[in-house]
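What follows is one structure encoded as C-alpha coordinates, with my remarks underneath.
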(Lines give C-alpha, C1' and ligand atoms only; values in the text may rest on other atoms or scores of the structure.)
Protein backbone atom coordinates (compact mmCIF):
# COMPACT_ATOMS: atom_id res chain seq x y z
CA UNK A 1 0.00 0.00 0.00
CA UNK A 2 1.04 3.62 -0.29
CA UNK A 3 0.40 6.80 1.68
CA UNK A 4 0.45 9.25 -1.21
CA UNK A 5 0.04 9.00 -4.96
CA UNK A 6 -0.26 11.25 -7.98
CA UNK A 7 -3.39 9.39 -9.05
CA UNK A 8 -5.78 7.06 -7.28
CA UNK A 9 -8.36 6.07 -9.88
CA UNK A 10 -6.37 4.26 -12.59
CA UNK A 11 -7.32 6.79 -15.26
CA UNK A 12 -3.75 7.10 -16.54
CA UNK A 13 -3.13 3.42 -17.23
CA UNK A 14 -6.65 3.06 -18.66
CA UNK A 15 -5.92 5.81 -21.19
CA UNK A 16 -2.55 4.27 -22.08
CA UNK A 17 -4.28 0.93 -22.61
CA UNK A 18 -6.96 2.45 -24.83
CA UNK A 19 -4.34 4.21 -26.98
CA UNK A 20 -2.02 1.21 -27.31
CA UNK A 21 -1.90 -1.34 -30.08
CA UNK A 22 -0.64 -3.85 -27.51
CA UNK A 23 -0.29 -3.81 -23.73
CA UNK A 24 1.13 -6.59 -21.56
CA UNK A 25 0.63 -6.62 -17.81
CA UNK A 26 2.77 -8.73 -15.48
CA UNK A 27 2.30 -8.72 -11.71
CA UNK A 28 4.60 -10.28 -9.10
CA UNK A 29 2.67 -10.70 -5.87
CA UNK A 30 2.39 -13.18 -2.98
CA UNK A 31 4.92 -15.49 -4.64
CA UNK A 32 2.92 -15.71 -7.87
CA UNK A 33 3.37 -14.30 -11.37
CA UNK A 34 0.20 -13.06 -13.08
CA UNK A 35 -0.13 -12.05 -16.72
CA UNK A 36 -2.76 -10.41 -18.91
CA UNK A 37 -2.64 -9.06 -22.46
CA UNK A 38 -4.70 -6.32 -24.12
CA UNK A 39 -5.13 -5.23 -27.73
CA UNK A 40 -6.36 -1.69 -28.37
CA UNK A 41 -7.89 -1.54 -24.90
CA UNK A 42 -9.64 -4.89 -24.99
CA UNK A 43 -8.43 -7.93 -23.00
CA UNK A 44 -7.22 -10.84 -25.09
CA UNK A 45 -7.87 -13.15 -22.14
CA UNK A 46 -8.29 -13.14 -18.39
CA UNK A 47 -5.67 -12.63 -15.70
CA UNK A 48 -3.67 -15.86 -15.50
CA UNK A 49 -1.16 -17.23 -13.01
CA UNK A 50 1.92 -18.15 -15.04
CA UNK A 51 4.52 -19.09 -12.44
CA UNK A 52 6.16 -18.36 -9.10
CA UNK A 53 8.57 -15.64 -8.01
CA UNK A 54 10.20 -13.93 -5.05
CA UNK A 55 9.83 -10.53 -6.67
CA UNK A 56 7.22 -7.89 -5.91
CA UNK A 57 5.95 -5.27 -8.30
CA UNK A 58 4.28 -4.65 -11.63
CA UNK A 59 5.67 -4.46 -15.15
CA UNK A 60 3.70 -2.84 -17.97
CA UNK A 61 4.88 -3.08 -21.58
CA UNK A 62 2.95 -1.23 -24.26
CA UNK A 63 3.18 -0.19 -27.91
CA UNK A 64 1.42 3.07 -28.91
CA UNK A 65 -1.22 2.64 -31.60
CA UNK A 66 0.10 3.80 -34.97
CA UNK A 67 -3.47 4.24 -36.20
CA UNK A 68 -3.97 6.99 -33.61
CA UNK A 69 -0.54 8.63 -33.35
CA UNK A 70 1.42 9.94 -36.32
CA UNK A 71 4.67 9.50 -34.42
CA UNK A 72 5.18 6.56 -32.06
CA UNK A 73 8.88 7.16 -31.40
CA UNK A 74 9.89 7.82 -27.79
CA UNK A 75 12.46 10.50 -26.95
CA UNK A 76 15.28 9.27 -24.71
CA UNK A 77 16.02 12.82 -23.53
CA UNK A 78 12.39 13.50 -22.56
CA UNK A 79 12.19 10.28 -20.55
CA UNK A 80 15.60 10.92 -18.98
CA UNK A 81 14.52 14.40 -17.87
CA UNK A 82 11.44 13.06 -16.08
CA UNK A 83 13.17 10.04 -14.53
CA UNK A 84 15.98 12.27 -13.28
CA UNK A 85 13.38 14.43 -11.51
CA UNK A 86 11.87 11.36 -9.84
CA UNK A 87 15.29 10.18 -8.67
CA UNK A 88 16.02 13.60 -7.16
CA UNK A 89 12.62 13.70 -5.44
CA UNK A 90 13.05 10.23 -3.91
CA UNK A 91 16.51 10.20 -2.36
CA UNK A 92 18.35 6.90 -2.71
CA UNK A 93 15.94 5.34 -5.21
CA UNK A 94 17.64 3.88 -8.30
CA UNK A 95 15.97 4.32 -11.70
CA UNK A 96 17.48 2.79 -14.84
CA UNK A 97 16.69 3.87 -18.39
CA UNK A 98 17.85 1.85 -21.40
CA UNK A 99 17.16 2.48 -25.07
CA UNK A 100 17.29 -0.90 -26.79
CA UNK A 101 17.23 0.84 -30.19
CA UNK A 102 20.62 2.46 -29.69
CA UNK A 103 22.08 0.83 -26.58
CA UNK A 104 22.08 4.18 -24.80
CA UNK A 105 21.41 3.89 -21.07
CA UNK A 106 21.51 5.90 -17.87
CA UNK A 107 21.27 5.18 -14.16
CA UNK A 108 19.75 7.80 -11.87
CA UNK A 109 20.40 7.77 -8.13
CA UNK A 110 20.90 10.76 -5.83
CA UNK A 111 21.51 10.21 -2.14
CA UNK A 112 21.25 13.97 -1.59
CA UNK A 113 17.68 14.15 -2.89
CA UNK A 114 16.44 17.67 -3.62
CA UNK A 115 19.67 19.13 -2.22
CA UNK A 116 21.39 17.46 -5.15
CA UNK A 117 18.57 18.73 -7.38
CA UNK A 118 19.24 22.43 -6.69
CA UNK A 119 22.98 21.88 -7.04
CA UNK A 120 22.33 20.22 -10.40
CA UNK A 121 20.21 23.20 -11.50
CA UNK A 122 22.97 25.57 -10.34
CA UNK A 123 25.89 23.64 -11.83
CA UNK A 124 26.63 26.24 -14.52
CA UNK A 125 26.23 29.20 -12.16
CA UNK A 126 28.23 30.63 -9.28
CA UNK A 127 26.53 29.70 -6.01
CA UNK A 128 26.31 32.28 -3.24
CA UNK A 129 25.70 29.75 -0.46
CA UNK A 130 27.88 26.70 -1.19
CA UNK A 131 25.58 24.25 0.60
CA UNK A 132 21.84 24.45 -0.09
CA UNK A 133 19.52 25.41 2.74
CA UNK A 134 17.35 22.38 3.43
CA UNK A 135 14.25 21.89 5.55
CA UNK A 136 11.67 19.19 5.99
CA UNK A 137 8.53 18.98 8.09
CA UNK A 138 5.15 17.33 8.50
CA UNK A 139 1.82 18.70 9.71
CA UNK A 140 -1.74 17.38 9.46
CA UNK A 141 -0.57 14.46 7.33
CA UNK A 142 1.16 16.70 4.77
CA UNK A 143 4.93 16.44 4.30
CA UNK A 144 6.92 19.35 2.92
CA UNK A 145 10.53 19.31 1.75
CA UNK A 146 12.37 22.42 0.55
CA UNK A 147 15.89 23.13 -0.69
CA UNK A 148 17.21 26.61 -1.55
CA UNK A 149 20.43 27.93 -3.04
CA UNK A 150 21.17 31.39 -4.40
CA UNK A 151 23.49 32.22 -7.28
CA UNK A 152 24.95 35.49 -8.59
CA UNK A 153 22.34 35.78 -11.34
CA UNK A 154 19.15 37.82 -11.41
CA UNK A 155 16.43 35.36 -12.41
CA UNK A 156 14.79 32.98 -9.97
CA UNK A 157 14.11 29.32 -10.73
CA UNK A 158 11.63 27.55 -8.46
CA UNK A 159 10.36 24.04 -9.18
CA UNK A 160 7.30 22.81 -7.30
CA UNK A 161 6.08 19.23 -6.99
CA UNK A 162 3.07 17.55 -5.40
CA UNK A 163 3.31 13.79 -4.90
CA UNK A 164 6.22 13.75 -7.39
CA UNK A 165 4.15 15.53 -10.06
CA UNK A 166 5.75 18.62 -11.55
CA UNK A 167 3.19 21.37 -10.89
CA UNK A 168 4.46 23.72 -13.58
CA UNK A 169 1.75 26.30 -12.86
CA UNK A 170 2.40 26.21 -9.12
CA UNK A 171 -0.51 26.26 -6.71
CA UNK A 172 -1.07 26.58 -2.98
CA UNK A 173 2.29 25.04 -2.02
CA UNK A 174 4.26 27.45 -4.20
CA UNK A 175 2.25 30.48 -3.07
CA UNK A 176 2.74 29.47 0.56
CA UNK A 177 6.47 29.03 0.06
CA UNK A 178 6.92 32.45 -1.53
CA UNK A 179 4.90 34.20 1.17
CA UNK A 180 6.71 32.39 3.98
CA UNK A 181 10.14 33.13 2.49
CA UNK A 182 9.41 36.85 2.17
CA UNK A 183 7.93 37.04 5.66
CA UNK A 184 10.80 35.10 7.26
CA UNK A 185 13.57 37.14 5.63
CA UNK A 186 11.93 40.43 6.62
CA UNK A 187 11.30 39.20 10.15
CA UNK A 188 14.94 38.17 10.54
CA UNK A 189 16.19 41.46 9.08
CA UNK A 190 14.06 43.46 11.51
CA UNK A 191 15.03 41.30 14.47
CA UNK A 192 18.74 41.73 13.73
CA UNK A 193 18.28 45.43 12.92
CA UNK A 194 19.56 44.87 9.38
CA UNK A 195 16.81 46.87 7.70
CA UNK A 196 17.05 50.06 9.78
CA UNK A 197 18.14 52.17 6.81
CA UNK A 198 15.46 50.86 4.46
CA UNK A 199 12.34 52.91 3.86
CA UNK A 200 10.22 49.80 3.28
CA UNK A 201 10.34 46.03 3.65
CA UNK A 202 12.39 43.94 1.25
CA UNK A 203 10.12 42.72 -1.54
CA UNK A 204 9.65 39.10 -2.52
CA UNK A 205 11.14 39.83 -5.95
CA UNK A 206 14.31 41.16 -4.31
CA UNK A 207 14.60 38.13 -2.04
CA UNK A 208 14.11 35.64 -4.87
CA UNK A 209 16.71 37.27 -7.12
CA UNK A 210 19.17 34.53 -8.08
CA UNK A 211 17.24 31.91 -6.12
CA UNK A 212 17.09 28.28 -7.21
CA UNK A 213 14.67 26.24 -5.12
CA UNK A 214 12.76 22.97 -5.12
CA UNK A 215 9.51 22.66 -3.17
CA UNK A 216 8.13 19.15 -2.81
CA UNK A 217 4.99 18.24 -0.87
CA UNK A 218 3.37 14.87 -0.20
CA UNK A 219 -0.40 15.08 0.27
CA UNK A 220 -2.72 12.13 1.00
CA UNK A 221 -5.62 13.48 -1.09
CA UNK A 222 -4.32 16.04 -3.59
CA UNK A 223 -6.73 18.18 -5.57
CA UNK A 224 -5.31 19.33 -8.88
CA UNK A 225 -6.83 21.90 -11.18
CA UNK A 226 -7.43 19.80 -14.29
CA UNK A 227 -6.39 16.30 -15.36
CA UNK A 228 -2.98 17.53 -16.53
CA UNK A 229 -2.21 18.23 -12.85
CA UNK A 230 -0.04 21.27 -13.50
CA UNK A 231 -1.49 23.25 -10.56
CA UNK A 232 -2.23 22.18 -6.98
CA UNK A 233 -5.51 23.40 -5.55
CA UNK A 234 -5.35 22.30 -1.89
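The values are calculated or read from the model by the stated rules, or taken from the named source; none is laboratory data. Note that the structure is a prediction, hence the values are computed from the model and not measured. Cβ placement follows ideal geometry from the backbone for every residue including glycine, while neighbour counts extend to all protein chains displayed.
Looking at the range 65-78 only, could you name the residues that are in contact with a strand residue (DSSP E or B) (Cβ under 6 Å, 6 or more places away or on another chain) and at pLDDT 95 or above?
65
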Report task. Could you please let me know if residue 160 is surrounded by fewer than 16 Cβ atoms within 10 Å (Cβ to Cβ) and either at pLDDT 95 or above or outside the structural domain of residue 12 (by TED's automatic domain parsing) (or both)? Result -> no
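I need the full set of residues from the range 119-130 which are touching a helix residue (DSSP H, G or I) at 6+ places or on another chain (Cβ under 9 Å) and within 17 Å of residue 91 (Cα to Cα), in order please. Step through it out loud before you land on a result.
Here is the first cut: in the range 119-130, the ones touching a helix residue (DSSP H, G or I) at 6+ places or on another chain (Cβ under 9 Å) are 120, 127.
Result: 120, single match.
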**Report entry** Every residue from the range 73-112 that is part of a loop (DSSP other than H, G, I, E, B) and in contact (Cβ under 8 Å) with a residue 60 or more places away in the chain
**Finding:** 90
**Report entry** Filtered residue count, the range 17-39, keeping only those that are in contact with a strand residue (DSSP E or B) (Cβ under 6 Å, 6 or more places away or on another chain) and either touching a residue at least 24 places away in the same chain (Cβ under 8 Å) or within 14 Å of residue 227 (Cα to Cα) (or both)
**Finding:** 10
Query raised in the report: Counting only residues that are surrounded by 18 or more Cβ atoms within 10 Å (Cβ to Cβ) and over 16 Å from the mean Cα position of the chain (by Cα), how many does the range 111-133 have?
Result: 3
